[in-house]
1. Using the beta-carbon distance between E53 and C159 and R0 = 22 Å, what value does 1/(1 + (r/R0)^6) give for FRET efficiency, to the nearest 0.05?
2. Counting heavy atoms of the protein chains only and a 1.4 Å probe, report the per residue accessible area for region 79-120 as a whole number of Å².
3. Cross-link list K21/K85; K21/K216; K84/K216; K21/K94: which exceed 24 angstrom alpha carbon to alpha carbon?
4. What are the residues whose amide H is under 5 Å from the amide H of T71, where those residues sit 5 or more places off or on another chain and H is modelled from the backbone?
5. Setting aside same-chain residues fewer than 8 positions from K46, which aspartates and glutamates have a Cα under 18 Å from its Cα?
6. For F141, which sequence-distant residues (separation of 5 or more, or a different chain) have an amide H within less than 5 Å of its own amide H, given hydrogens modelled in the peptide plane?
7. What length, rounded to one decimal in nm, is gained on full extension from Y82 through to T137, with 0.36 nm per residue of separation minus their alpha-carbon distance?
8. For the charge dipole of region 44-152, defined by +1 on Lys and Arg C-beta atoms and -1 on Asp and Glu C-beta atoms about the Cα centroid, which residue among N49, A150, P62 has the Cα displaced farthest towards the positive pole?
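The values are calculated or read from the model by the stated rules, or taken from the named source; none is laboratory data. This is a predicted model, so every value here is computed, not measured. Neighbour counts run over all protein chains shown; Cβ positions are idealised from the backbone, glycine included. Quick note on the areas: whole protein, heavy atoms, side chains included, nothing else; ligands and nucleic acids left out. Shrake-Rupley method; radii C 1.70, N 1.55, O 1.52, S 1.80 Å.
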Amino acid sequence: MVTSLVGAVNALLNPTGELTKAFLTNVETNERIEFLFNPTEYVLSKANNWDSEAIIGFDVPPTEFQGGDPTTLDLELFFDTYEKKEDVRNYTDKVFGLTKISDETRQNSERGRPPRVLFNWGRVFSFQAVITELSVTYTLFLSDGTPVRASMELSLQECEDATQQDPQNPTSQGTYGNKVHLVQPGETIDLIATNEYGDPKAWRIIADANGLDNPKDLVPGTALEIVPLEF
């Protein structure tokens, strides 16, 4: 059984009335890729597996839940650099790079894997996932063949929450054994300190442990190391 939800863009306005830009964050490196244009819609799909066995004399046999499949997110993105006469691949290639094996994931595995990503749109939608499919169609070119317009179809699949994963390396995922908190849209450092330590004043511990020069400028998708309190 598959359920889907189509999200509209109208509710994703920032306080100034402008449409907030959507972006992808590489969870391993915290690198952020902001889209030139927002998608016009997104589609969330979720499938559950149920099993039933025919029983003589029953119109509707008992149904047993076998487990769920990951939620998927499908987007269509638009890129246009014609007015700037800039190669649109400067933007599309950044997303392509997220489908390739990341050096940061080779720390605990010789083969490595592509990075996990976090899709954010304003303060109302966040989705941590892996990229399962990506295709780009180039539709406009300069006289020398440089592509300046493209559409991208992007499929993301829900993955395990970052706080439940083993740290990948000291830079992106904190010191081995310490908890990692992935910043969500709208979170402040004192709110994180309250949730993690039960004390909003403990925000300084988080700031010092992660070398934050300006704790007020937290970027969604940033991995923060949560160190133990010392008594």
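1. Details: r = 32 Å, r/R0 = 1.47.
Efficiency, from the Cβ-Cβ distance: 0.10.
2. Result: 61 Å² per residue.
3. Numbers: K21/K85 22 Å; K21/K216 20 Å; K84/K216 33 Å; K21/K94 16 Å.
From the list (K21/K85; K21/K216; K84/K216; K21/K94), the Cα-Cα distance tops 24 Å for K84/K216.
4. Close amide H contacts, sequence-distant or interchain: E158.
5. Counting by Cα, and skipping residues close in sequence, K46 has these aspartates and glutamates nearby: E64, D69, D74, E133, E158, E160, D161.
6. Sorted by chain and number, the residues that satisfy this are V148.
7. 18.3 nm is the gain from fully extending Y82 to T137.
8. It is A150.
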